[in-house]
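The values are calculated or read from the model by the stated rules, or taken from the named source; none is laboratory data. Nothing here was measured: the structure is a model prediction, and the numbers come from that model. Don't worry about glycine lacking a Cβ; one is built from the backbone with ideal geometry, like all the others, and counts go over all protein chains shown.
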Amino acid sequence: MQLGTVTPILRTFDEAKTEEFYIGFLGFKVDWQHRFEDNFPLYLQVSFGACVLHLSEHHGDASPGAAVRIQAAGLDAYQQQLQAKDYRFAKPQIEETPWGTREMSIKDPFGNRLVFVEEGQA
């Protein structure tokens, strides 16, 4: 057996806040989006490099408050870029963990936690 790529689905509730946070603040890009009709929930895919996330307003797709760990390189530069945007709802900091990683945790407007993880320097 072989396993492939995992694509997490994160619950969202507001299209404008989703765009502001994931596109405007974090720098992801929209790959595609879908809704069955006007005034129906939005489902979209965003990506940043090799990281792909599905964001869904559909009630049954996911529960708010999920946590996703994202492997990262260049965490210091990314953190500085985010700080420079002066986003009022997140001021991310990098933490050195006892298990040898450097991590930057950010909550989205819907309670989901994105943890950007960089392996420690040897």
> What about S47, is it among the hydroxyl-bearing types (S, T, Y) and at pLDDT below 95?
Replying inline: no
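So that you can scan it fast, the table gives a plain yes or no per residue for (1) among the charged types (D, E, K, R); (2) over 17 Å from S63 (Cβ atoms):
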position	(1), (2)
L10	no, no
F21	no, yes
G24	no, yes
K29	yes, yes
R35	yes, yes
N39	no, yes
> Counting only residues that are of a type in the set (K, R) and in contact with a Leu (Cβ under 9 Å, 6 or more places away or on another chain), which one in the range 6-44 is modelled with the highest pLDDT?
Replying inline: R11
>> Which pairs turn up if I take residues in the range 64-80 that are more than 12 Å from E103 (Cα to Cα) and look for partners that are surrounded by fewer than 16 Cβ atoms within 10 Å (Cβ to Cβ) and among the aromatic types (F, W, Y) with beta carbon separation below 9 Å, at least 6 apart in sequence or on another chain?
In response: P64/F13
> Residues V115, V68, V52: which one is touching an Asp or Glu at 6+ places or on another chain (Cβ under 7 Å) and under 18 Å from R11 (Cβ atoms)?
Replying inline: V115
>> Out of the residues in the range 34-53 meeting the condition of being of a type outside the set (V, I, T) and part of a strand (DSSP E or B), tell me which one is farthest from T5 (Cα to Cα).
In response: H34
>> Out of the residues in the range 50-89 meeting the condition of being among the acidic types (D, E) and at pLDDT below 95, tell me which one is surrounded by the most Cβ atoms within 10 Å (Cβ to Cβ).
In response: D61
> Would you pick out the residues in the range 1-34 that are aromatic (F, W, Y), surrounded by 13 or more Cβ atoms within 10 Å (Cβ to Cβ) and either without any contact (Cβ under 8 Å) to a residue 12 or more places away in the chain or farther than 21 Å from K107 by Cβ (or both)?
Replying inline: none
